[in-house]
1. If you check R125, R148, R197, which single one turns out to be of a type in the set (D, E, K, R), assigned to a helix (DSSP H, G or I) and touching a Ser or Thr at 6+ places or on another chain (Cβ under 9 Å)?
2. Give me the helices (runs of 4 or more DSSP H) completely within region 286-401, filtered to those with at least 2 residues that are modelled with pLDDT under 90 and outside the structural domain of T138 (by TED's automatic domain parsing), ordered by residue number.
3. If you go through region 50-68, how many residues are within 15 Å of L97 (Cα to Cα) and either touching a Ser or Thr at 6+ places or on another chain (Cβ under 7 Å) or small (G, A, S) (or both)?
4. Considering only region 1-13, how many residues are under 37 Å from the mean Cα position of the chain (by Cα) and in a loop (DSSP other than H, G, I, E, B)?
5. Could you please find all residues in region 274-291 being touching a helix residue (DSSP H, G or I) at 6+ places or on another chain (Cβ under 8 Å) and of a type in the set (V, I, T)?
6. Which count do you get for residues in region 147-168 that are hydroxyl-bearing (S, T, Y) and surrounded by 13 or more Cβ atoms within 10 Å (Cβ to Cβ)?
7. I'd like to know if region 272-283 contains one or more residues that are small (G, A, S) and within 25 Å of V341 (Cα to Cα).
8. Select, from K119, K81, the only residue that is outside any helix (DSSP H, G or I) and free of Cβ contacts under 8 Å to residues at least 60 places away in the same chain.
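The values are calculated or read from the model by the stated rules, or taken from the named source; none is laboratory data. Nothing here was measured: the structure is a model prediction, and the numbers come from that model. Note: ideal-geometry Cβ built from the backbone for every residue, glycine included; neighbour counts use all protein chains shown.
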Amino acid sequence: MSLWLFFGDQETISRFHLHPLGKYLDDYAKWLHDRGYCWEAARAKIRNVARLSPWLKRHGIAAKDLRWDHIQDYLQMKPRKSPPFNRQDTANLKQFLRYLQAQGVVSKPVAAESTPIEKMVAEYRVYLLKERALSEETTAQYCRHVNRFLLESFPRVRPDLSTLRSVSVTNHIQKFAAKMSKKDAQLMCCALRSFLRYARYQGYIEADLQASVPAVANWTLASIPKALSAEVAEKVLASCDRQTLIGRRDYAVLLLLSRLGLRAGEIVRLELDDLDWRAGTISIHGKGSNLSQMPLPPDVGQAIVEYLQHGRPKCSTRRVFICRTAPIRGFARSAVVSNIVARAFRRAGFDDSATRKGSHLFRHTLATGLLRTGASLPEIAEVLRHRSTACVTIYAKVDLQSLRSLALAWPGGAQ
């Protein structure tokens, strides 16, 4: 019986089995154990279910008939001998209900019918994933902006895109762009251009409204790429405590960022099958579903091996990097990698302004270092997996040695 994994008292286990939910607790205990829940958390979750079970019996509710409104009624009750319910109790019971639904014990609630706008956004999402081959993250961002645009344009009526006019598109962008960062405003404009092209392709509109989407002011190569010095980069790497499980994982992530210039999303998507130990290569799933192979440096490979052997928990997922808290799963989004970088900066003694630069800072540092050692822009573009050298010309701004050779002499001689 799997309950023995968390309870050593036969009397307690027997009491758990007496009520309607008792026969599901052994499998639930194994489910919690397989997902890496610690002893204390798993006991609390099981005890929550064991406390609910007698209440169901008193009210004549069978396990197969359990619904969320039953659990809400139970949570409104004021226990006599037990402590009051809290938010964690609610979360634990909600998780158990989802577990029963996944096992087929309880039928899943019938989803409410989607609104016309939701259906239109869902169809657009399929188009982005299937036809455009965009990533899940990019698709989610596009749909977020399109959904807001449609709700703003058709607040109380069924969306009729044929009634859209250029002025309504422009007014929407002017209204919301002022509240956004420049990067998010650019993303909104890209999303709306994409949606309006899609709408014309589907025959929802006849006019080419994408031309009415203004461009956000963005001067090419106006900024200077920020990079870390070698000393700072090594200090950030050294901040990881490699004697701990989390420290080994974070160190391997930071090495992939600094040595190979990987993007945060590429680290999230990295799987065990992408590591070819015999050939010494690593396969990178980049933007636009592009797959690239890169040599695996010895120090990076060694860091990954140490994490896989002495830090990565046993689990069914093939993702290389796993979250530190249960349920055990791969990283969900790029923000997890950014948080790892931010914590490393803080441990190394840098202020919050340094942590806001994010994981991409290591990519800039790698490009700048390659340029200073004599690498050409096409070579840097190849290392960073850019399709065009135009994407890396900005790094010429920090090649001071080459810029000095282009500088004109000061009129009248040196001052």
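1. On the way: R148 fails: touching a Ser or Thr at 6+ places or on another chain (Cβ under 9 Å); R197 fails: touching a Ser or Thr at 6+ places or on another chain (Cβ under 9 Å).
The unique qualifying residue is R125.
2. On the way: elements: 298-310, 334-347, 352-355, 360-372, 377-383.
Because the criterion is at least 2 residues that are modelled with pLDDT under 90 and outside the structural domain of T138 (by TED's automatic domain parsing), the helices (runs of 4 or more DSSP H) in region 286-401 that meet it are 334-347, 352-355, 360-372, 377-383.
3. The number of residues fulfilling the criteria is 5.
4. Filtering region 1-13 down to residues under 37 Å from the mean Cα position of the chain (by Cα) leaves 1-7.
Retained after the next criterion (residues that are in a loop (DSSP other than H, G, I, E, B)): 1, 6-7.
Adding up the residues that qualify gives 3.
5. Hits for region 274-291 are I282, I284.
6. Residues of region 147-168 that are hydroxyl-bearing (S, T, Y), as a first pass: 153, 162-163, 166, 168.
Then keep just the ones that are surrounded by 13 or more Cβ atoms within 10 Å (Cβ to Cβ); that gives 153, 166, 168.
Of the residues in region 147-168, 3 are hydroxyl-bearing (S, T, Y) and surrounded by 13 or more Cβ atoms within 10 Å (Cβ to Cβ).
7. Residues of region 272-283 small (G, A, S): 279-280, 283.
Imposing the further condition that a residue be within 25 Å of V341 (Cα to Cα) reduces the set to 283.
Yes: one or more hits.
8. Values: K119 fails: outside any helix (DSSP H, G or I).
Answer to the check: K81.
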